[in-house]
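Heads up, the thing below is written out as structure tokens.
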């Protein structure tokens, strides 16, 4: 019986994606491990460390479908060693004399860390592709709503006018930086591991470095240069980049969640055909996709913290932090890909209500023009004096008193029409220009350098 939500037949769509099965489903993971052992055997044969015939036989037998998982599990429990069961099973299916050359001179960590390198490479590609697609949707939305005016809110309160396009452009810009981080970090993360007992490749004598170079090349990974048995910064960094991605998605989801409230009603998630928000309150339309982005981000941040803890290792091998990675790295990867898929659904079906945005801005009245009034009054009286005057007007004006422009005019000894003219000045400043700049920069990067 499965205890992981990602393995649940009912709920797995919320926690993982099908294209991750080939990385983390047990038999598929073992197949990747066998491919690592094949690469090692081929590299060893090319240097004459093992016979070429042995490498060919190991390659022919490297089929995870032939492995008896129950036999492997029983041997693992009996010996307490994480891969003795697998080694014995391989020796059972690989005929002699090639069976003597299975896992030749390698350690558990050589296999699992090289698998980590493949995971970081492949998941990084999946995440990058999804970021690319989501950014594209946001860029289109930012362009479409470049001049859609809405209330800008600070500390949860209405502040001054902004545009929805400006808000969305900020989301897209953040996703662009995550793509940059993934691309730049790939050369550090996508590396193999062939270290031997304590990292010095002592088993292979003078062939060690050339063997590792050929081994990594067989797998399409970079040579790390130096063994990294207890140097776990690569995995911690990768996990934290994914945590950054999910934190951005949670921020986007949080905006949709808040702006979907009926008293605001500026955004809404699309209705899924046959969807049910509440069994007992049929009128409700819950922003479930948006809130799930927050849930996923919390879990990714928690697991990325564990992977940072795993950097605290001792001497030349330390199973405490290393085995933490076995649990937390797949979780970070699966949850992040699920979050990106959910975000694409939310953004792809997002309903934007410009009329509600305009109503909310109008409902804020003259108070939402206070920044324009302050700017004009500052030019006339000086910034500090203007700010003090406005603060006094705002704090002393009683309910039912004249509006802000009239009150400022009276307090400053100015004509109400003059102050009213200040309030009518364009309120969104350089928002449109910044959206244009972001769109130009983003499309240049997409079309010139990074198309997947």
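The values are calculated or read from the model by the stated rules, or taken from the named source; none is laboratory data. Values in this document were obtained by computation on a predicted structure and should not be read as measured data. Cβ placement follows ideal geometry from the backbone for every residue including glycine, while neighbour counts extend to all protein chains displayed.
Checking 62, 75 one by one, the residue that is touching a helix residue (DSSP H, G or I) at 6+ places or on another chain (Cβ under 6 Å) and under 12 Å from residue 37 (Cβ atoms) is 62 and no other. As an exercise: evaluate residue 22 against (1) closer than 21 Å to residue 118 by Cα; (2) within 36 Å of the chain's Cα centre (by Cα); (3) modelled with pLDDT of 90 or more and give the number of the one condition it does not meet. Going through (1) closer than 21 Å to residue 118 by Cα; (2) within 36 Å of the chain's Cα centre (by Cα); (3) modelled with pLDDT of 90 or more one by one, residue 22 breaks only (3). If the condition is being part of a loop (DSSP other than H, G, I, E, B), over 37 Å from the mean Cα position of the chain (by Cα) and surrounded by 15 or more Cβ atoms within 10 Å (Cβ to Cβ), then the stretch 67-101 contributes only 94. Once the stretch 25-52 is narrowed to residues that are over 27 Å from the mean Cα position of the chain (by Cα) and assigned to a loop (DSSP other than H, G, I, E, B), the residue that is nearest to residue 211 (Cα to Cα) is 47. If the condition is being in contact with a helix residue (DSSP H, G or I) (Cβ under 8 Å, 6 or more places away or on another chain) and at pLDDT 75 or above, then the stretch 271-291 contributes 287, 289, 290, 291. The residues listed here are 130, 176, 146, 188; of these, the one that is modelled with pLDDT of 95 or more and not in a helix (DSSP H, G or I) is 146.
If you go through the stretch 202-209 one residue at a time, do you hit one that is within 24 Å of residue 120 (Cα to Cα) and buried (at least 16 other Cβ atoms within 10 Å of the Cβ)? No, there is no match, as no residue in the stretch 202-209 is within 24 Å of residue 120 (Cα to Cα) and buried (at least 16 other Cβ atoms within 10 Å of the Cβ). The condition (being in contact (Cβ under 8 Å) with a residue 12 or more places away in the chain and farther than 28 Å from residue 176 by Cα) is satisfied by just one residue among 265, 247, 243: 265. When residues of the stretch 219-235 are filtered for being in a helix (DSSP H, G or I) and either more than 35 Å from the chain's Cα centre (by Cα) or surrounded by fewer than 18 Cβ atoms within 10 Å (Cβ to Cβ) (or both), how many remain? Residues that pass the stated criteria total 1. Identify, by number, the condition in (1) within 20 Å of residue 114 (Cβ to Cβ); (2) at pLDDT below 95 that residue 44 doesn't meet. With (1) within 20 Å of residue 114 (Cβ to Cβ); (2) at pLDDT below 95 applied to residue 44, the lone miss is (2).
Rundown of residues vs (1) surrounded by 14 or more Cβ atoms within 10 Å (Cβ to Cβ); (2) touching a helix residue (DSSP H, G or I) at 6+ places or on another chain (Cβ under 7 Å), yes/no style:
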site: 371; (1), (2): yes, no
site: 379; (1), (2): no, no
site: 390; (1), (2): yes, yes
site: 407; (1), (2): yes, yes
site: 429; (1), (2): yes, no
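One residue alone among 336, 345 is out of contact with any strand residue (DSSP E or B) (no Cβ under 6 Å at 6 or more places or on another chain), in a helix (DSSP H, G or I) and surrounded by fewer than 18 Cβ atoms within 10 Å (Cβ to Cβ), and that residue is 345. Of the residues contained in the stretch 3-13, none is found to be part of a helix (DSSP H, G or I) and either under 15 Å from residue 83 (Cβ atoms) or touching a strand residue (DSSP E or B) at 6+ places or on another chain (Cβ under 7 Å) (or both). Does the stretch 154-163 include one or more residues that are assigned to a helix (DSSP H, G or I) and either under 23 Å from the mean Cα position of the chain (by Cα) or outside the structural domain of residue 16 (by TED's automatic domain parsing) (or both)? Within the stretch 154-163, none of the residues are assigned to a helix (DSSP H, G or I) and either under 23 Å from the mean Cα position of the chain (by Cα) or outside the structural domain of residue 16 (by TED's automatic domain parsing) (or both).
Taking the stated definitions as given, is residue 199 in contact (Cβ under 8 Å) with a residue 60 or more places away in the chain and out of contact with any helix residue (DSSP H, G or I) (no Cβ under 9 Å at 6 or more places or on another chain)? It is true that residue 199 is in contact (Cβ under 8 Å) with a residue 60 or more places away in the chain and out of contact with any helix residue (DSSP H, G or I) (no Cβ under 9 Å at 6 or more places or on another chain). Filtered by the rule that a residue be touching a residue at least 24 places away in the same chain (Cβ under 8 Å) and assigned to a helix (DSSP H, G or I), the stretch 57-66 gives 57, 58, 61, 64, 65, 66.
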